[in-house]
Each structure stands twice: as C-alpha cells, then as structure tokens.
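**Q** Dropping a structure here in structure tokens format, bear with me for questions.
Read-outs throughout are calculated quantities, based only on the coordinates presented, and are distinct from any laboratory measurement. Keep in mind it's a predicted model, so treat the numbers as computed, not measured. Because the Cβ atoms are built from the backbone with ideal geometry, glycine has one as well, and the counts that use them run over all protein chains shown.
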Amino acid sequence: MAGTRGEKVTMQEHMAINVSPGPIRPIRQISDYFPHFYPFAPALLRPRPAPLPALPSGPAPETCLEEEQDGDSDETTALGSLEFTLLLDQQNSVLHCTIHRAKGLKPLDSGSIDTFVKANLLPGMSKASQLRTRTVRGSRGPHWDETLTYHGFTCQDAGRKTLRLCVCEESRLRRRAEPLGELRVPLKKLVPNLSRSFNICLEKRRLTKRPSSLDTARGMSLYEEEEVEVAGEERGRILLSLCYSSQRGGLLVGVLRCAHLAAMDANGYSDPFVRIFLRPNVGKKSKYKTTVRKKTLNPEFNEEFFYAGQREELAQKTLLVSVWDYDLGTADDFIGGLQLSINSTGEKLRHWRECLARSDRRLELWHPLDGAPPQLGD
Ligand code: CA
C-alpha cells in the first residue's frame, strides 16, 4: 500500500489506511489481560458445541467409560479424556501408573493451559498416596509420558483400593491448582504382572465428605480442602531387609523405605525417620536411627545398621522398629511401629526366622505399621 506513492509514507496516511476502512474493533480493555476476571472471554475464544452436556454430580455417561477407545473423542466428551497404563508388579510390590496423555481438555480460563496429573489411592488419607506428574505447559492435549510408582503396593491393596487420577490446571492467577476432571479405577480389575491400558473420560470432581472424627486432627480441616477418606489401618508400612552376615559376624538391618505414612503435621505431611532397637540390650550398641526425611509420606531411607553377635543369640532377641515424625522444638510424634522376634506372627515371624535360621540370606519384606508405641526402655 505504501508502494503506490513511492517510498515515503506519511504518518497521516498510515493512520488513515489502518483505521478508516476496517470494521470497528472493540478497544482492548485491561480485563482482557486478566481473563480470570472477564467471564465473556472464554466464550468468545472457545466456541463449544452447544448445548454442553450437563454434568451435575453423577458419573459420566456409560459410553464414556469405555477402555481402549479408538478414534478421536474430543468433541464427544465434556471434560476430555486421559490415557494411562497400569502395571502391578507382584514380586516387587510395586504399582506402576504411566500417564500418557490427555485429550480435549477444557481450560477454566481462556488462553494457554498448564496441566499436571495427580494420583491418589482411595480409601486413605489423600496425601499419603499422592503422586503427581510434572506440569506440561500450553496444551489442551498434553503428553506427560511419565510413570508414577507406588512402592509397597500388594495384591491385597489392589483388592480394596481405587486409583483416582485427577487432571489439574495450574494458574498464575490462583494460588491453588484447579481440578479439570478426574477418573477412578478400582484396582481389583488388574491382573498381576500384566500391564493394562486405559482411555477414560474425565468426570467432574467428586468431593467426599470427611469423617467428622478427623475434623480436629491437628488442624487438617483448616488446611486441606480435599477429601480425607476413611483412615482404617493407614499408619503406613515399612520395607525392611534382614541378613545375618557370617563374614561380619552380625545382623544387618536395612531400613529401605516407608509408604503411605500417616500425616502428623498441619501441612498434611510428616518428617519421618525410623528408630530401631534390639532388645534386650547387653552393653553393645543397640539403638539406631535414620536421618529425617522432610515433608513426605513416602520416604526412602536405604540405610543399613549392624548388630554384632552370634546368630543363635540374636535370634532370641526382639527387634523394635518405630517410625516417627520429627518436630522442631516439640516431642516427635509416633507414627507406627512393629516388632520382629520369634514371638511374632505371620510375615514378621517368617522374616525373622528365615534370616536368622541361615547366614548370608538377605530378605526384603514390607510390613504394616501398627499403632502401639514401642517401649524403648530409655
Ligand atoms: Ca513434623
């Protein structure tokens, strides 16, 4: 346009070309830059197929719950869908949950959408089993391709637990991430050691009423808006290894990790560490503790401790294991514990007996924690 009159374009002409002939455009307002406070922006920028199916509080339509769907279901689902694969590794007591991608996500605001996936095992304290993917920025069809791993997950857990996956949107304007939609998979569907892929439509977030007995528990009700489902035996569990070393002449006790520990702090987490004590104490070093792991309910320790002594003599003793929440300035809180001895039962007895009946045989086993604080005999 400027070329018709040679190289020179005056300021006046330039403005005339740009302003006069075109349609009158709305002047951008300051609220355009803050879409959260501008309710019309999403409708303008994101025409939806009308009418949008209402999703009050019930489950999504039956057709949405198909697994291994083919084709693109973006326009038929209200909140989008999530593809993931589950694998229960029975031998190692591990549940792998690989989050592949989501499709057709509907952002809460206009503009770019930054999302991550949060996983929980229900029932249980929601933070005890909370894992999350990284955040993928700027996509309504994000690819995470990330595996979330639950350690200490057994076939018995699979029989009674449900996996909840929630796609959340991060926003710079809100402090909290907002859920865009969730889904739940009863894990009893899983066949051990066989990976299974899912493609499931997201549903609206379901909030479960918190048992009123938990309302006063250490300010949790003030802090945590999410559901805290029936606690049951949820003090957590611990992975221990035992081995009598003939070379060193003593018992090696490995404190490897804990899983799904109870939350003791108001932030919904604990600062766990583990104490072990071999009783009765006959002059040798009998008490040890691990380092503290800050703000986690699934700590990994991988620390090993040594008790010198004859195998037959050690076999008559009792190993007390207790998990604590470190608190600065006040007494540490007891989370849970267990005892291993020839008077134990079940897996605890098996663990103790197998490792002290023979030398140089290392065995790792998960044990549930119970609620009776051990008598440490201080
Ligand atoms: Ca603490």
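**Q** If r is the Cβ-Cβ distance from L173 to T296 and R0 is 35 Å, what FRET efficiency results, to the nearest 0.05?
**A** 0.75
**Q** Express the relative contact order of the range 81-201 as a whole percentage, based on alpha carbon pairs under 8 Å and six or more residues apart in sequence.
**A** 34
**Q** Between S245 and V94, what's the calculated FRET efficiency when r is the beta-carbon distance and R0 is 30 Å? Round to 0.05.
**A** The formula returns an efficiency of 0.65 here.
**Q** Now for a different question. What net charge do the residues around G309 carry, taking every other residue with its C-beta under 14 Å from that of G309, with Lys and Arg at +1 and Asp and Glu at -1?
**A** Neighbourhood net charge equals +4.
**Q** For the residues I200, I99, what sequence is obtained by ranking on other C-beta atoms within 10 Å, fewest first?
**A** The order, fewest Cβ neighbours first, is I200, I99.
**Q** Hey, which lysines would be in cross-link range of K289, C-alpha to C-alpha under 29 Å, not counting anything within fewer than 8 residues on its own chain?
**A** Candidates past the 8-residue exclusion: K127, K317, K348.
**Q** A further question on this structure: Could you check the simple spin-label distance between L194 and L108, using points 7 Å along Cα→Cβ, in nm with one decimal?
**A** 4.0
**Q** Could you list the trypsin sites (Lys or Arg not before Pro) in the range 319-378 that lie in coil according to DSSP, counting only those with at most 13 other Cβ atoms within 10 Å of their Cβ?
**A** Loop-located and lightly packed - R358, R361, R362.
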